[in-house]
C-alpha cells in the first residue's frame, strides 16, 4: 500500500514539471529559475537535517553527492531547457525523456544485477508506445511547420547532442543513488545534491547571461514555491527513496506516465487539446507501467 501510494504521488508531482516550465516562460529565464528552485530546496533540507542533527556526507562521499545532484537535476533540466530554447520541440524533448527508463534498465542490469523479465521489457515497450501516442499530435505539428529558431541559435547537431546528454545525465544521477550514497541520511543528502544542482544552474545562468525575473508576477512566485517544495523537494526525494529501496528500472518506469499526465494537466490548466489518440496513449502507458512494475 505504501509503495503504491508513493508511486502515485511521485508520478503526479513529476508530471507537473512540464506545466511549471510552461508557466514560468513569460516571467523568468529558465536557469535563473532553476537556480532559485534548487537553492531553495537545498536550504529547506539543510534546515531539516540541522534540526534532526543528521550526519552529513564527508570526504569523497560529499563530492559524489554533489555530482549526483548535478546530474540528476542540474544538467538534465539545464540542458533540456536550453535545447528547447534553441528550437527543439518540447514534444521531442519529452519523447527523449521517455527513453530514460529504458536506458536505466539497460545500464542497471550489468552494474547492479537487476534483471527485467520479459513481462517487464514488454511493459517498457508499451509505456514508450503510449508516450509516442500522447505526443503524436505535437510531433506531427512540429514536423509540418518549420521551427522558428531564435537569432544565433546553435546548430542542430549540437542541440540534439545536448538533449541526449540531458537524458544520459538523469540516468547517471539516478543510478548513482544505488551506490554507497544510499547509506547517507536522506535529508542531508538531498541538501547536498540540490546544492550540486544549483551550482550547475548558476554556471549556465552566467554563461547564457540570463537575468530576466519579473518579480511582480504571482505566477512566477507560485511556480517557484511549487518547484522548491513539490518538485525538487518531494518528487525528486521520492524518486531517490524508491531507487534506494528497489530496482532502479522499476522506479523509473513510472516516468512513462509523466507526459500523459502533463497532457491532461495542459488540457485542464491551459485549454490545450486532448485528442482520443492521446487518451489511448495514456491507457497504453498505464498498462505498460503496471507490467513493468509487476
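Computed over the chain with a Gaussian network model linking Cα atoms closer than 10 Å, the most mobile of 111, 67, 103 is 111. Region 236-294 and region 16-63 have Cα centres separated by 23 Å.
Considering only 171, 140, 41, the mean-square fluctuation computed in a Gaussian network model of the chain, springs between alpha carbons under 10 angstrom, is largest for 140. A simple spin-label model places pseudo-atoms 7 Å from Cα toward Cβ; at residue 121 and residue 211 they are separated by 5.4 nm. Working note: 222 nm ellipticity from helices only, DSSP H runs with n ≥ 4, each -39,500 (n - 2.57), summed and divided by the residues of the chain, gives -23500 deg cm²/dmol to the nearest 500.
Values in this text are rule-based calculations from the coordinates and carry no lab data. Because the structure is a prediction, the values reported are computed rather than measured. Heads up, the Cβs are rebuilt from the backbone with ideal geometry, glycines too, and the neighbour counts pull from every protein chain shown.
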